[in-house]
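Trainee: Structure in C-alpha cells, see below.
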Amino acid sequence: MGTVERIPVAAGILEWARRSAGYSLAEAARKLSVKEERMLAWEDGELAPTVVQLRSIAKLYKRPLAVLLLPAPPRDFDALRDFRRVTGASAPSWSPALHAEYKRALTQREVLQEIGEISPASLTGMQDYNFTIARDADPEIAGRKLRDFIGMDSWNSGTASTPAKALRAAVDTVEGFGISVLQSRDIDVTEMRGFSISEWPHPIIVLNGSDWPRPKLFTLLHELSHIGLNAGGLCDLNEPAPSRSGSSEQLERFCNRVAASALMPRSLVMADSEVKRTHVWTLDALVSVSARFGASAEAFLLRLVTLGMVEWETYRSLKPLLDARYAAARRAEKAKLQASPGGPPYYVVKARNLGRGYVESVLDAYHSRAITSYDVADYLDIKYDQLPRLQEAVLR
C-alpha cells in the first residue's frame, strides 16, 4: 500500500485563511469532518494535510489552492482588517457568508479597474464624478446635497410613493455616476443591512438583498454618506445611544442624520399636517406617516427625535414594538414566499445581485472584444451559454 501524499503548509497560513473566511476553529473542524486537535496541528505546521484535505480546506475557505502554499500569511491581501461594526467591539465575528460577500465586492471592483484600463469606454456612468461630504458639515445641509445628487425632488408621485420604484430610481441614478450598487445573498438583516467601499474610482455599495425596498433605500443613502466622507464601513443602521461618543459611533450617527435628512427633509416633515397634530405617536401613526416619505417607521421615528419632536424615551419604548412588528412581517413574507411557486426569475436576481451597472460594463467590454468569452463568464459567474438570458434580464 502506497503512502499518502501530504503537502507541507507554512505555520499560520491555515489559521489566517480560516479567520479571514469567518470560521471559528470548531466550525471549520466540523465542516471538514476532522477533530479540532488535528486542525490545530495543521495550523501550527506540526502536521501536513493530504492533497485531498488541502483541497477541501481551500474550497471551504474560498481561497485558491496556491494561496495556501505561500511561505507566510499575506499582509495586504485581507482588507477586512479595516472594517468595523457599529454595534461595538463586543459584537460577534463576521459570518462566512458576510466575508464571502465582501470579497465578492472587492473582486468586482478589481474587474471594473481592469476594464477601466483596457476598455474605459465600456464603463457605465461618469467615472470622473466624485461625490463628497465634509466631515464637519451640518447633516441637514449634507442631506440636502445628497437629495439633490439622487434627484429625489424630480421623482413623480408614483415613483416617490412606491418603495420598489423609488429604490430603482435611486440605484439607477447612483450607478449613472459610476458607483456600483450590488445586493448580497444569504445574509440575515440582523447581521448586516449594507456596507460600502468608498475609494474612487469605482466605489461599491452593497445592500442586503433580503431586506425590503424602504430599508434598502435608507441604507443606500446611508452608504452614500460613507462614500461622500470617503469612509466605507459595515452598517446595521442601529442608532448609537447619545451617551456613546466613540469615533465609529459618531460616524454612524452622522451618516444616519444625513440619510434621514435626504429622505425626510426638515421642511417637509415640519409641514406635514399629521405631524403637526400628533402629540402621542403610536405604531399605526408612524407606519402611516412614514410611508408618505418612503421611509420605514423606525427611520421616521428617529427623524422625529433628531428634529426635537419626540424624546429618546419614546423611541426606546417603541423600538421593541417596531422590532416585533418587523419580525412578524418578515415571518409572514417568508411564509408567503414558501407557499407560492416559483419566485423572481433567476437571471433577474442574478443581475440585481451583481449590479446592473457592473453587468452592463462587463458585457460591453466583451462585445467590444476587450475581454474573452472565458473572462465574461468568469466575471459574471455564469456559464457562457447563459449570457443571453442574463443580458435580457439587465435590459428589463
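The values are calculated or read from the model by the stated rules, or taken from the named source; none is laboratory data. This structure is a prediction, so every number in the text was calculated from the model and none was measured. All Cβ positions, glycine included, derive from the backbone under ideal geometry; neighbour counts span all protein chains shown.
Trainee: Select, from Val289, Val258, Val280, the only residue that is in the same structural domain as Arg214 (by TED's automatic domain parsing) and either touching a Cys at 6+ places or on another chain (Cβ under 6 Å) or among the aliphatic types (A, V, I, L, M) (or both).
Mentor: Sole residue among the options that is in the same structural domain as Arg214 (by TED's automatic domain parsing) and either touching a Cys at 6+ places or on another chain (Cβ under 6 Å) or among the aliphatic types (A, V, I, L, M) (or both): Val258.
Trainee: Against the definition (out of contact with any helix residue (DSSP H, G or I) (no Cβ under 6 Å at 6 or more places or on another chain) and of a type in the set (Phe, Trp, Tyr)), how does Tyr326 come out, yes or no?
Mentor: Considered against the rule, which asks whether it is out of contact with any helix residue (DSSP H, G or I) (no Cβ under 6 Å at 6 or more places or on another chain) and of a type in the set (Phe, Trp, Tyr), Tyr326 comes out as yes.
Trainee: Within segment 255-296, how many residues turn out to be touching a Pro at 6+ places or on another chain (Cβ under 6 Å) and at pLDDT below 90?
Mentor: Of the residues in that region, 1 qualify.
Trainee: Would you check if Leu321 is without any contact (Cβ under 8 Å) to a residue 60 or more places away in the chain and outside the structural domain of Thr124 (by TED's automatic domain parsing)?
Mentor: Taking the combined requirement at face value, the residue satisfies it.
Trainee: Something else now. Scan segment 290-298 and tell me whether some residue there is in contact (Cβ under 8 Å) with a residue 12 or more places away in the chain, crowded, with 19+ Cβ neighbours inside 10 Å, assigned to a helix (DSSP H, G or I) and within 23 Å of the chain's Cα centre (by Cα).
Mentor: The answer is yes; a qualifying residue exists.
Trainee: Do you know which of the residues in segment 255-280 that are in a loop (DSSP other than H, G, I, E, B) and within 29 Å of the chain's Cα centre (by Cα) is farthest from Gly194 (Cα to Cα)?
Mentor: Going through the qualifying residues, I end up with Pro265.
Trainee: Do we find that Arg193 is surrounded by 16 or more Cβ atoms within 10 Å (Cβ to Cβ), in contact with a strand residue (DSSP E or B) (Cβ under 7 Å, 6 or more places away or on another chain) and of a type outside the set (Ser, Thr, Tyr) in this structure?
Mentor: yes
Trainee: How many of the residues in segment 347-370 are within 19 Å of Leu106 (Cβ to Cβ) and not in a helix (DSSP H, G or I)?
Mentor: Of the residues in segment 347-370, 1 are within 19 Å of Leu106 (Cβ to Cβ) and not in a helix (DSSP H, G or I).
Trainee: Is it the case, given these coordinates, that Ala17 is under 27 Å from the mean Cα position of the chain (by Cα), aliphatic (A, V, I, L, M), modelled with pLDDT under 90 and under 22 Å from Lys62 (Cβ atoms)?
Mentor: Answer is yes for this residue.
Trainee: Six or more apart or on different chains, Cβ atoms under 7 Å: show the pairs whose first residue is in segment 162-175 and over 19 Å from Asn130 (Cβ atoms) and whose second is basic (Lys, Arg) and in a helix (DSSP H, G or I).
Mentor: Pro163/Arg214; Leu167/Lys216
Trainee: Do you know which of the residues in segment 374-396 that are under 18 Å from Thr124 (Cβ atoms) and loosely packed, with under 14 Cβ neighbours inside 10 Å is modelled with the lowest pLDDT?
Mentor: The selected residue is Arg396.
Trainee: Please pick out the residue among Ile187, Ile227, Ile141 that is surrounded by 23 or more Cβ atoms within 10 Å (Cβ to Cβ) and assigned by TED's automatic domain parsing to the domain that holds Arg257.
Mentor: Result of the check over Ile187, Ile227, Ile141: Ile227.
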